[in-house]
Amino acid sequence: MVIHRRRGWNSPASAITPQDALLNRRALMAGSAGLLAAAPALAQSGAVPALPPHARNPAFEPGRALTAEREATTYNNFYEFGSHKTIARDAARMPRRPWTLKVDGLVENPREFDIDDLIRLMPIEERVLRLRCVEAWAMTVPWTGFPLAALMNLVKPLGSAKYLAFQTAQLPAVMPGLRQSWYPWPHMEACTIAEAGNAMSFMPVGLYGQPLPPQNGGPVRVLFPWKYGFKSGKSLVRITVQEQRPATFWGTIQPSEYGFWANVNPQVAHPRWSQATERLIGTNERVPTQMWNGYGEFVASLYEGVQGERLFV
C-alpha cells in the first residue's frame, strides 16, 4: 500500500541549497563512493560510518536559535541508561555497529535492514526542528534522517494496518536502567498509520551533521516534532505494523498522565505542571509553548474525527 500524504511543506529542488555550495562536488562524490565501499568493513569493526552527503531542507524555520551541540548531547532522557539527565557518558558505551532494524507485521515486504544499507536506501536530508519535552523543556536541533513514510512505502503496509509499534533495544550489558524491573521493558511507543504517512514524521540517523549519538537515540530513532518527546522512540530495533493499538511504555506506567496521542498544547496542563511555557536548554529562557509545537499547519488535520479522545497529554 502506498501511503498518500500531504506534502505542503515540500520545496522544489531548485529551492534547496546544494551541498556543493559548501564543498567541491567532485570531492563529495569521491568521498561518498569511498564510504560506500568501506561500509561493510566499518560495520564489522564496530566503527560508525560518516553520514552520506545531504542538504538541509529549507522548509523548516524553527524561529529560534539552535541549541548548542554540547547542551543537546549532554542533557538527555533515556531511561534504559538511568532516570537522570546525565546519561551521555554511560550511553557512549552502547555499540552502534553492527545494528539492524526489523520491520514486520502487516506489510507486503517485511525486512530486516542493516542500518547502513537502510541509510543508503533512504532519501537523507537535514531538518532543523523543535523538540518539546513533556517536562516543559525544549531544544532546537539539526537532525539528519529520512521521512518515516519513505520506509513505509518500501515495506508497503497492508490495508488492514492501523498502527506502528516502535521497540527500543535492550542491551543489559550497557544499559543499567534495565535492572529497574518495575518498568515495562522493552520500551515501546506507537503511532497511527496516518501519522506515519505524514511528511513531518521523521527517522533521524544523525545530529549536528554527525551520526546520531546513543544518548540522543542513535543509531536510529523516530521523531514526531508536534508531540511531546516521550512519544519519539530511541535506538530502535523493530517496527511492527499492526491492526490493534499497541500498549506504550509511559501509557502503561501512568495512563492518567501520558496519553496515547500526547500532542503539544499550551492550554492543556500536565496533571502536575503547566504546559503554557517551556524552558530552552542552554539559556534557561522561558518562552511560550506553541500549539502542536508550531507544526499545526502540517498535522492538525490528522486529528479530525478523533476529538472525542484525549489528544493532549
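The values are calculated or read from the model by the stated rules, or taken from the named source; none is laboratory data. Keep in mind that this is a model prediction, so the values were computed, not measured. Counting neighbours? That spans all protein chains shown, and the Cβs are built from the backbone with ideal geometry, glycine included. Ligands, DNA and RNA are stripped out before the accessible areas are found, and what is left, the full protein with its side chains, is counted by its heavy atoms. Shrake-Rupley method; radii C 1.70, N 1.55, O 1.52, S 1.80 Å.
Values as computed for the structure displayed
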{"item": "Identity of the residue in the range 254-277, of a type outside the set (A, V, I, L, M, F, W, C) and touching a helix residue (DSSP H, G or I) at 6+ places or on another chain (Cβ under 9 Å), that ends up surrounded by the fewest Cβ atoms within 10 Å (Cβ to Cβ)", "result": "Q267"}
{"item": "Set V220, V205: member being part of a strand (DSSP E or B), at pLDDT 95 or above and of a type in the set (A, V, I, L, M)", "result": "V205"}
{"item": "Any hit, the range 83-90, residues being open to solvent by 60 Å² or more (accessible area, probe 1.4 Å), without any contact (Cβ under 8 Å) to a residue 60 or more places away in the chain and in contact with a strand residue (DSSP E or B) (Cβ under 9 Å, 6 or more places away or on another chain)", "result": "no"}
{"item": "Selection from the range 176-202 of residues that are open to solvent by less than 20 Å² (accessible area, probe 1.4 Å), among the hydrophobic types (A, V, I, L, M, F, W, C) and in a loop (DSSP other than H, G, I, E, B)", "result": "A199, M200"}
{"item": "When residues of the range 42-69 are limited to those that are over 17 Å from R279 (Cα atoms) and not in a loop (DSSP other than H, G, I, E, B), the one least open to solvent (accessible area, probe 1.4 Å)", "result": "A43"}
{"item": "Given (1) aliphatic (A, V, I, L, M); (2) touching a residue at least 12 places away in the same chain (Cβ under 8 Å); (3) surrounded by fewer than 16 Cβ atoms within 10 Å (Cβ to Cβ), index of the condition A173 fails", "result": "(2)"}
{"item": "Residue list for the range 110-145, restricted to those being more than 25 Å from H54 (Cβ to Cβ) and open to solvent by 50 Å² or more (accessible area, probe 1.4 Å)", "result": "P110, E135"}
{"item": "Hits in the range 265-296 - residues which are acidic (D, E) and either assigned to a loop (DSSP other than H, G, I, E, B) or modelled with pLDDT under 95 (or both)", "result": "E285"}
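One line per residue, one yes/no per condition, for (1) among the hydrophobic types (A, V, I, L, M, F, W, C); (2) in contact with a strand residue (DSSP E or B) (Cβ under 7 Å, 6 or more places away or on another chain):
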position	(1), (2)
N216	no, yes
V220	yes, yes
K227	no, yes
F249	yes, yes
T252	no, no
Y258	no, no
W261	yes, no
S274	no, no
